[in-house]
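We did not get these values from a lab; they are worked out from the coordinates using the rules stated. Keep in mind it's a predicted model, so treat the numbers as computed, not measured. No Cβ is skipped: glycine too gets one built from the backbone with ideal geometry, and neighbour counts run over all protein chains shown.
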Amino acid sequence: MGFSARGLPLLGVGISSSLGIARPDFRALRRARPDLLGFVELAIGWRAHTYLPEQLRDDVEAGTRFVVHPTELSLDPGDPPTREMLAGLRSIVDALRSPWTPEDVGTWVWRGEHLGGGFLPTALTEASLEVAVRRASEIQDATGVCFLAENPPFAEVIGDLRLGTFFRQLCERAGAGMLLDIGHLLSYQLARPDDRALFDELPWERVIEVHLAGGAWIPTESGAVFWDEHAAEVPLEARALLEEIWPRLPNVRALCFECEMRPDFAILDELDALRVLCPFPAAS
Ligand SMILES: [Fe+2]
């Protein structure tokens with residue numbers, strides 16, 4: 001399956017949600033401002049295929065657009081996704097009419113164990129890249145929709161490839177798109193301030209979706225580390241980076257505000273602001 005941005009729908013500005021928590025209440029937000037909420041991105045595991053399609057059938061029929069964000073597909077040498085996992089994911093993608101699936105490149109499952117709901121970022125090595133290319137292709141073939149490789153957050157970077165090289169190679173060789181996470185990119189810039197080629201090498205033309213979230217600087221022995229914190233305010237640095245990057249994205253279709261546990265009114269204000277800051281199409 002080759003990559004083509006043509007045919008992918010324009011979703012605009014949306015939010016992330018997890019059905020396991022009460023906030024944000026996407027149905028209430030959609031009722032309050034039906035014009036504002038372009039889509040809802042759901043972080044879910046493959047086992048949800050037994051109940052999720054039924055649970056969200058009315059929302060899908062009523063026109064709510066969903067993006068399915070799996071949370072257990074290791075794209076590096078962690079446990080490979082099983083056939084059962086990929087079949088479950090396919091059922092969810094089909095039922096929710098998800099136009100693509102994004103996943104952070106890293107280890108989600110190791111020796112049969114989920115890493116506590118989180119994941120480890122991939123090492124930027126040729127060996128990891130080989131595995132990531134193979135797995136991204138397999139996931140894409142199994143789901144029948146475009147796979148978006150998301151840049152993970154880094155406290156420190158392991159491996160000698162540059163982030164831009166890794167993601168350009170991964171996307172081009174797997175025929176995949178990219179999800180560019182702004183906070184994760186900030187964390188990489190902090191961890192590797194000497195990577196001057198970053199903006200020359202990232203596959204901007206493959207970026208279909210962008211993530212923006214709150215974040216915080218965490219002091220460590222080797223200096224400050226930037227980390228996503230979805231309940232926190234969006235730092236000025238992240239907003240500035242988003243503004244700088246936006247005009248470089250000729251094919252971007254969606255901007256997701258990751259906002260679990262934020263109050264609904266704050267989410268609406270943020271979506272309004274993002275719509276002004278990031279008009280679609282982003283670049284001509
Ligand atoms: Fe993200």
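Average projected area of the Cα convex hull of the chain, in nm²?
14.0
Quick one: 4, 18, 74, fewest Cβ neighbours within 10 Å first, how do they rank?
4, 18, 74
Of 281, 211, 257, which is farthest on the positive side of the dipole of segment 197-284, counting Cα position, with +1 on Lys and Arg Cβ, -1 on Asp and Glu Cβ, and the Cα centre as origin?
281
Mean separation of Cα pairs under 8 Å and 6+ residues apart, divided by the residue count of segment 200-284: what relative contact order is that in percent?
This gives 35 percent for segment 200-284.
If you project the alpha carbons of segment 1-126 onto the principal axes, what extent comes out on each, in Å, largest first?
Largest to smallest, the principal-axis extents are 45, 33, 23 Å.
Tell me the net charge near residue 60. Cut-off is 12 Å between Cβ atoms, residue 60 excluded, with +1 for each Lys or Arg and -1 for each Asp or Glu.
-2
Restricting to DSSP loop positions (anything but H, G, I, E, B) with no more than 15 other Cβ atoms inside 10 Å of their own Cβ, which GluC sites (Glu not before Pro) remain in segment 123-213?
Here the GluC sites (Glu not before Pro) that fit, given the DSSP loop and packing criteria, are 156.
Output the relative contact order of segment 19-72, whole-number percent, from Cα pairs under 8 angstrom with separation of 6+ residues.
Contact order relative to length: 43 percent.
Could you pull out the trypsin sites (Lys or Arg not before Pro) across segment 1-107 that fall in loop regions by DSSP (anything but H, G, I, E, B) with no more than 16 other Cβ atoms inside 10 Å?
6, 97
Mean residue ellipticity at 222 nm from the helices of the chain, using -39,500 (n - 2.57) per DSSP H segment of n ≥ 4 over the full residue count, to the nearest 500 deg cm²/dmol?
Rounded to the nearest 500, it is -10000 deg cm²/dmol.
Might you report the magnitude of the Cβ-based charge dipole of segment 74-187 about its Cα centre, with Lys and Arg at +1 and Asp and Glu at -1, to the nearest 20 debye?
240
Net charge near residue 252, counting Lys/Arg +1 and Asp/Glu -1 over other residues with Cβ under 11 Å of its Cβ?
For residues surrounding residue 252, the net value is +1.
Rounded to the nearest 5, what is the percent of antiparallel bridges among the DSSP beta bridges in the chain?
About 25 percent, rounded to the nearest 5.
Let me know the charge dipole size of the chain about its Cα centre in debye, to the nearest 20, where only the beta-carbon of Lys, Arg (+1) and Asp, Glu (-1) is charged.
In debye, rounded to 20, the chain gives about 800.
What percent do you get for the relative contact order of the chain when only Cα pairs under 8 Å and 6+ apart count?
Relative contact order comes out at 20 percent.
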